[in-house]
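A.B. asks: One structure, pasted below without further comment.
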Amino acid sequence: MLFPKRSTSFVDSGSDMTIKDKLLHLSVFYLFLILIVACTGFLVLYAAANGSWNPWASKQFIRFIFGIIMLIGISLIDIRFWMKYAYVLYIASLVLLIAVELFGHVGMGAQRWVSIAGIRCQPSEPMKIALILALAKYFHNAQLSDIQSMSFIVMPSAMVALPVLLVLKQPDLGTAVLMAGGAVVMFFLVGVQLWKFILVTACGLGFIPIAWQFLHDYQKDRVFTFLDPERDPLGKGYHILQSKITLGSGGVFGKGFLQGTQSRLNFLPEKQTDFIFTVLAEEFGLIGGIFLLIMYFGLIFYGYMIAFRSTNMFGRLLALGLSTNLFMYVFINIAMVMGILPVVGVPLPMISYGGTVMLTLMFSFGLVECVNVHSNVQIGRRISFDD
Amino acid sequence: MMLSRENDKTKMVSHRTMAVACMELCAGLVLFGRMYFLQVINADRYRTMAEENRISTRLLAPPRGLIFDRFGQSLAQNNQNFRVLIISELTDGKLNEVLETLNKILPLTEHEIQRVKKEVRRSRDFTPVPIRENLSWEEMASIQLNAPDLPGIVIDEGLSRYYPHPEETAHMLGSVGSVSEKEQATTTNPLYRLPGYKIGKDGIELQYNDELCGKEGARRLEVNAGGRVIREIERDEGTPGKNLTLTIDARLQNIAYNALKGQSGSVVLLDIYSGEILAMVSTPGFNTNAFNRGLTQAEWDELIKNEKNPLMNKALSGLYSPGSTFKIIVALAALEAGVIKPDTKVDCKGYVMNGNQRFHCWKHQGHGEVNLREAIMHSCDIYFYEIAQRVGIDRISAMAKKFGFGAITGIDLPGEKSGLMPTRGWKETIRGELWTKGDTFNTGIGQGYVLATPLQLAVMVAMVANDGIKITPKLLIDPNHKEVDRPQNLNISKANLQLVKEGMFDVVNNPKGTARSARVNVHGGLIAGKTGTTQVKRITMKEREEGLKSQDEIPWKDRNHALFVSFGPTTSPRYAISVVVEHGGGGSTAAAPIAREVMKAALEMDPVTKPPVFHEKGGQ
């Protein structure tokens, strides 16, 4: 038994579940959806490599297997553990982010990596989860009246602002947008008044000219290119134009598996990462795109259902935050490759090739499953299961 | 109390979650809408763009049309040409070593090596970079033999223009060369933009360039984003250039060239009825095949600085005073005007006075009393001074123009000059001076202002020989050509033409004629002709008093031009010829023997009526 049975006024039966109980409480449907999306990913990566498991699909598969084990492991850990250590994880991630700022490696024009004991690590990834954990914990304790008071949201705002600014400085606009967006939605969910959002938005718009000065040239270019892709069709507009050609030429039914000329002949830049959706859309057409979109919305909304089944606010907010985060990934990536958002470097979850992102996503799916498994665990305002 | 507060929060979260979920659904619909817009509404447009990405069209140059003589002998052909290229990605990164090895087999200049390295650096790894063109078969074979030691070296076959008789046909055929920027700017032909494409630069190659070029072919290739060819989708070889059959007889062309070799001049031989040119040479010739491989600076300088002007086609660009050959025109003008009769006699005392200006006959002691026929035979200058005087410049000019003087003949070759036939009006306008009697004297013997090309002289004599039917010289046998139903007649009395022809007969066949040396007898076929010797440098009174020097004693540049025009056979004429030898000395000594040799061959072979029998090559 991981956690001994005890009876306190705050903690209910959840903590005395056996591992077997917990395994039985895993949502098989949720896992099934994850599996479908992941398999779609292997297929598309196989196609992106011109019908080869190498170099991407096989590696992605191994990572997925590793991730699925991690997912189940995480889901079995008592949810109160995650709540208890939410701030610790947040602080640790923040320290790593600062370390990147101070000692990080520069790759692709941005400082995103840091080596710890020889292991390369991208601390913005754990921060994505740690931030949601921390916010969920923070708001778990709060009354609605607290939340709606000005002083109460200063602290969580700072919790969001610090990592977002650090990530922006790297610079990694995509991750910053994901973090900030996810956090803003969480603020909204717990009941922060609408006028506050409007006020912040208005101030934000006022600061755009100032913020503009701090953007790197390549980021400015991306915005320009987004506003007018034909501006330089062979240069910076090339990516987005080729991306649209790839998508559009797929038509309703696609060119067929392994028949995508745009991807096969390398007209797509970074086709295995950020632009992977176009490979799918070229070969499987509108049908393929809609299928994947439905799978994603299935995952997102099923995550919301898990949130509502949770009897504890921490779990509910955690599942909501993580699922919303997933939505952010999906929307930004697809909107970006279709030319309705600037190219900010957000991968397509479970499909884009990349180990760190895969692990982050499996970790967050694990946490959602954890919420599902521990939906009946009552958590008081203070955590007391192991004190 | 606490619970109700908790409930407030829970409710709030629920409501807000619903709101968020709705927004997310809307966002999902936006994504769907955009997908629909791209993949359904604009699908065709993007499909086209994807195809444009994927497919690259490369032009294929069709083989250039071949050129044959009238009997199918090759005058211009396309020979296989080997070139050696290097593909850097196949050298295993040992570009320098490979070039080093190649250098041992095919010695390269330092300049070539540097150029290749530079081009390799600039192009993509898979792009073949040419090292050298026009390899000999032996060079090609030794590279092939060493292929295992030369990774990345490939041999490519192409076609290059080859002329079997380069010097003999240099001016008439012209040559091919790379497209200049100016030529590229003034054409819509896509082939002109193809690297290494060659077009006609002069002669027939230029005149019929469009026909010879043919229609471009194309390869449709699938390429990837890097420009690498993945596969060939479609290949259209295009239409090869049209083959041309010329009126030239290669045998006569070569005979004419060899007869004139060493001299600076030209020979034009044609069919007096059709205007078909049987031989047209200009000397010195030059090797047009060398033009293909590229001339060295020294070779080029030699061509440019040569005082015999090898690059000029003297047959139609060289301008000469026609000299005594023009007496044919003066005689016809006088006869047609009725100012002389066939038996009108003029007494030649060796000179005649015009005011206090003395005009000499070429024969000091004079010819005595001569009639027209004798005057032509002796080429008596005094006789023609007199009759030119009687008929007047206006009627001489008019007659000369009828026979093509002062205007281009319209031959299908570029660069033809029109020459000059002076009139009173011309002198007044251009020179601002009145026409004088002295000018008429000079024109009467083909000196002074009158200038003609050898081609014009040949056409002139042809129209005398064919009894005054206008002809246009031509070089191309056009199978689709329709014969002009009624040839234009110059309306010259046949009797008068006959008188002139008799005079020309005597020039060659009478023992007293000026060109006895040109006499031939081919199975009874004789030729008639007229000599001409024109001064390049004016003879001063002093020189005349000191006694004229022999032509051999004065510098080449100051010697007289030698001319001879001729037709034959005299009984039923078919061939006409003009020979001009620059600074040859005298028409009878320098030009007539050359005309004789070519006319003899023409009469023997009779190419217009008799197709030849080729023994050696199995024939055609």
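The values are calculated or read from the model by the stated rules, or taken from the named source; none is laboratory data. Keep in mind it's a predicted model, so treat the numbers as computed, not measured. Neighbour counts are summed over all protein chains in view; Cβ atoms, including those assigned to glycine, are modelled from backbone coordinates with ideal geometry.
A.B. asks: Working carefully through the options B:LYS349, B:LYS345, find the one that is more than 16 Å from B:PRO454 (Cβ to Cβ) and loosely packed, with under 15 Cβ neighbours inside 10 Å.
C.D. replies: Being more than 16 Å from B:PRO454 (Cβ to Cβ) and loosely packed, with under 15 Cβ neighbours inside 10 Å holds for just one of B:LYS349, B:LYS345, which is B:LYS349.
For (1) within 14 Å of chain A (Cβ to nearest Cβ); (2) more than 27 Å from B:PRO195 (Cα to Cα), each residue gets a yes or a no:
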site: B:THR48; (1), (2): yes, yes
site: B:ILE86; (1), (2): no, no
site: B:ASP92; (1), (2): no, yes
site: B:PRO107; (1), (2): no, no
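A.B. asks: If a residue has to be surrounded by fewer than 24 Cβ atoms within 10 Å (Cβ to Cβ) and touching a residue at least 60 places away in the same chain (Cβ under 8 Å) to count, how many in segment B:259-270 make the cut? Give the derivation first.
C.D. replies: Taking segment B:259-270 as the starting set, the residues that turn out to be surrounded by fewer than 24 Cβ atoms within 10 Å (Cβ to Cβ) are B:259, B:261-264.
Pick out the ones that are also touching a residue at least 60 places away in the same chain (Cβ under 8 Å) and you get B:259, B:263-264.
Counting residues in segment B:259-270 that are surrounded by fewer than 24 Cβ atoms within 10 Å (Cβ to Cβ) and touching a residue at least 60 places away in the same chain (Cβ under 8 Å) gives 3.
A.B. asks: I'd like to verify a number: residues in segment A:236-284 that are touching a residue at least 60 places away in the same chain (Cβ under 8 Å) and closer than 20 Å to A:ILE332 by Cβ, how many? Quick ask: steps written out before the conclusion?
C.D. replies: Going residue by residue through segment A:236-284, those that are touching a residue at least 60 places away in the same chain (Cβ under 8 Å) are A:239-240, A:243-244, A:247, A:257-258, A:260, A:263-264, A:271-277, A:279-280, A:283.
Then keep just the ones that are closer than 20 Å to A:ILE332 by Cβ; that gives A:239-240, A:243-244, A:247, A:271-277, A:279-280.
Total satisfying the criteria: 14.
A.B. asks: May I pose another question? I'm trying to understand the selection: among the residues of segment A:298-314, which are closer than 25 Å to A:VAL343 by Cβ and either surrounded by fewer than 19 Cβ atoms within 10 Å (Cβ to Cβ) or facing another protein chain (nearest Cβ under 10 Å) (or both)?
C.D. replies: A:ILE300
A.B. asks: What are the pairs with Cβ atoms under 6 angstrom where one residue, in segment B:37-65, is charged (D, E, K, R) and the other, located anywhere, is assigned to a helix (DSSP H, G or I)? Sequence gap at least six, or different chains.
C.D. replies: B:ARG47/A:SER249; B:ARG54/A:THR261; B:ARG64/B:LEU212
A.B. asks: Within segment B:7-32, count every residue that is farther than 30 Å from A:SER145 by Cα and either within 7 Å of chain A (Cβ to nearest Cβ) or surrounded by 13 or more Cβ atoms within 10 Å (Cβ to Cβ) (or both).
C.D. replies: So the answer is 5.
A.B. asks: Could you tell me which numbered condition B:CYS348 fails, if it satisfies all but one of (1) under 22 Å from B:PRO511 (Cβ atoms); (2) modelled with pLDDT of 95 or more?
C.D. replies: In the conditions (1) under 22 Å from B:PRO511 (Cβ atoms); (2) modelled with pLDDT of 95 or more, B:CYS348 misses (2) alone.
A.B. asks: Still on this structure: What are the residues in segment A:281-297 that are more than 11 Å from every other protein chain (Cβ to nearest Cβ) and under 21 Å from the mean Cα position of the chain (by Cα), if any?
C.D. replies: A:PHE291, A:MET295
A.B. asks: Can I ask one more? Could you tell me which residue of segment B:415-435 is farthest from B:ILE272 (Cα to Cα), considering only residues that are assigned to a loop (DSSP other than H, G, I, E, B) and charged (D, E, K, R)? If you could, list the steps in order and put the result at the bottom.
C.D. replies: Taking segment B:415-435 as the starting set, the residues that turn out to be assigned to a loop (DSSP other than H, G, I, E, B) are B:415-419, B:421-423, B:432-435.
Keeping just the survivors that are charged (D, E, K, R) gives B:416-417, B:433.
On the way: B:GLU416: 20, B:LYS417: 21, B:GLU433: 39 Å.
Top of the filtered list is B:GLU433.
A.B. asks: Condition first: surrounded by 14 or more Cβ atoms within 10 Å (Cβ to Cβ), of a type outside the set (A, V, I, L, M) and in a helix (DSSP H, G or I). Now tell me which residues in segment B:33-51 satisfy that.
C.D. replies: Matches in segment B:33-51: B:ARG34, B:TYR36, B:PHE37, B:GLN39, B:ARG45, B:TYR46, B:ARG47.
A.B. asks: Kindly evaluate B:LEU102 against the criterion of being modelled with pLDDT of 85 or more and within 30 Å of B:LEU476 (Cβ to Cβ).
C.D. replies: When the stated conditions are applied, B:LEU102 does not pass them.
A.B. asks: Tell me, yes or no, whether segment A:336-354 has at least one residue that is at pLDDT below 90 and either in contact with a strand residue (DSSP E or B) (Cβ under 7 Å, 6 or more places away or on another chain) or not in a loop (DSSP other than H, G, I, E, B) (or both).
C.D. replies: no
Per-residue answers, yes or no, for (1) modelled with pLDDT of 95 or more; (2) at positive phi:
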| residue | (1), (2) |
| --- | --- |
| B:SER379 | no, yes |
| B:ILE382 | no, no |
| B:GLU386 | no, no |
| B:GLN389 | no, no |
| B:MET399 | yes, no |
| B:ILE411 | no, no |
| B:PRO414 | no, no |
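A.B. asks: If you don't mind, there's one more thing I want to ask. Please work out if B:ARG54 is within 11 Å of another protein chain (Cβ to nearest Cβ) and either at pLDDT 90 or above or within 59 Å of the chain's Cα centre (by Cα) (or both).
C.D. replies: Spelling it out, B:ARG54 is indeed within 11 Å of another protein chain (Cβ to nearest Cβ) and either at pLDDT 90 or above or within 59 Å of the chain's Cα centre (by Cα) (or both).
A.B. asks: Quick one: which residue in B:LEU455, B:LEU420 is in contact (Cβ under 8 Å) with a residue 60 or more places away in the chain, in contact with a strand residue (DSSP E or B) (Cβ under 8 Å, 6 or more places away or on another chain), within 21 Å of B:THR247 (Cα to Cα) and of a type outside the set (D, E, K, R)? Before the answer, list the steps.
C.D. replies: Values: B:LEU420 fails: within 21 Å of B:THR247 (Cα to Cα).
Every option except B:LEU455 fails the conditions.
A.B. asks: To continue, here is another question. Identify the residue in segment B:65-93 that is within 17 Å of the chain's Cα centre (by Cα) and part of a strand (DSSP E or B) and, among all such residues, is surrounded by the most Cβ atoms within 10 Å (Cβ to Cβ).
C.D. replies: B:ALA76
A.B. asks: If the requirement is being farther than 30 Å from A:GLN259 by Cα, part of a helix (DSSP H, G or I) and at pLDDT below 90, which of these qualifies: A:SER7, A:SER75, A:SER15?
C.D. replies: The conditions single out A:SER15.
A.B. asks: If I filter segment B:230-251 for residues that are within 14 Å of chain A (Cβ to nearest Cβ), in a loop (DSSP other than H, G, I, E, B), free of Cβ contacts under 8 Å to residues at least 24 places away in the same chain and not acidic (Asp, Glu), do I get at least one hit? Lay out the reasoning, then the answer.
C.D. replies: Initial filter on segment B:230-251 (within 14 Å of chain A (Cβ to nearest Cβ)): B:230-231, B:233.
Cutting the leftovers down to in a loop (DSSP other than H, G, I, E, B) gives us none.
No, because not a single residue in segment B:230-251 is within 14 Å of chain A (Cβ to nearest Cβ), in a loop (DSSP other than H, G, I, E, B), free of Cβ contacts under 8 Å to residues at least 24 places away in the same chain and not acidic (Asp, Glu).
A.B. asks: Further question: In segment A:241-280, which residues are hydrophobic (A, V, I, L, M, F, W, C), facing another protein chain (nearest Cβ under 7 Å) and in contact with a Gly (Cβ under 6 Å, 6 or more places away or on another chain)?
C.D. replies: At the first step, the residues of segment A:241-280 found to be hydrophobic (A, V, I, L, M, F, W, C) are A:241, A:245, A:247, A:252-253, A:257-258, A:265, A:267-268, A:275-277, A:279-280.
Pick out the ones that are also facing another protein chain (nearest Cβ under 7 Å) and you get A:245, A:247, A:252, A:265, A:267.
Of everything in segment A:241-280, just one residue is hydrophobic (A, V, I, L, M, F, W, C), facing another protein chain (nearest Cβ under 7 Å) and in contact with a Gly (Cβ under 6 Å, 6 or more places away or on another chain), namely A:VAL252.
A.B. asks: So in segment B:439-452, with the set limited to residues that are in contact (Cβ under 8 Å) with a residue 40 or more places away in the chain and either part of a loop (DSSP other than H, G, I, E, B) or among the β-branched types (Val, Ile, Thr) (or both), which one is surrounded by the fewest Cβ atoms within 10 Å (Cβ to Cβ)?
C.D. replies: So the residue we want is B:GLY448.
A.B. asks: Taking the conditions exactly as written (in contact with a helix residue (DSSP H, G or I) (Cβ under 9 Å, 6 or more places away or on another chain), β-branched (Val, Ile, Thr), crowded, with 24+ Cβ neighbours inside 10 Å and in contact (Cβ under 8 Å) with a residue 40 or more places away in the chain), does B:ILE329 satisfy them or not?
C.D. replies: Judged against the criteria, B:ILE329 is a match.
A.B. asks: On to the next question. Would it be correct to say that B:GLY524 is within 24 Å of B:MET460 (Cα to Cα) and either buried (at least 18 other Cβ atoms within 10 Å of the Cβ) or free of Cβ contacts under 8 Å to residues at least 60 places away in the same chain (or both)?
C.D. replies: no
A.B. asks: Quickly run through segment A:191-213 and pick out the residues that are part of a helix (DSSP H, G or I) and either within 14 Å of chain B (Cβ to nearest Cβ) or in contact (Cβ under 8 Å) with a residue 12 or more places away in the chain (or both).
C.D. replies: A:LEU194, A:LYS196, A:PHE197
A.B. asks: Within segment B:146-165, work out how many residues are hydroxyl-bearing (Ser, Thr, Tyr) and farther than 18 Å from B:PRO195 by Cβ.
C.D. replies: Selection size over segment B:146-165: 2.
A.B. asks: Pairs, please: C-beta under 7 Å, at least 6 apart or cross-chain, first residue within 14 Å of another protein chain (Cβ to nearest Cβ) and buried (at least 17 other Cβ atoms within 10 Å of the Cβ) and in segment B:203-224, second modelled with pLDDT of 90 or more and assigned to a helix (DSSP H, G or I)?
C.D. replies: Partner pairs satisfying both residue conditions: none exist.
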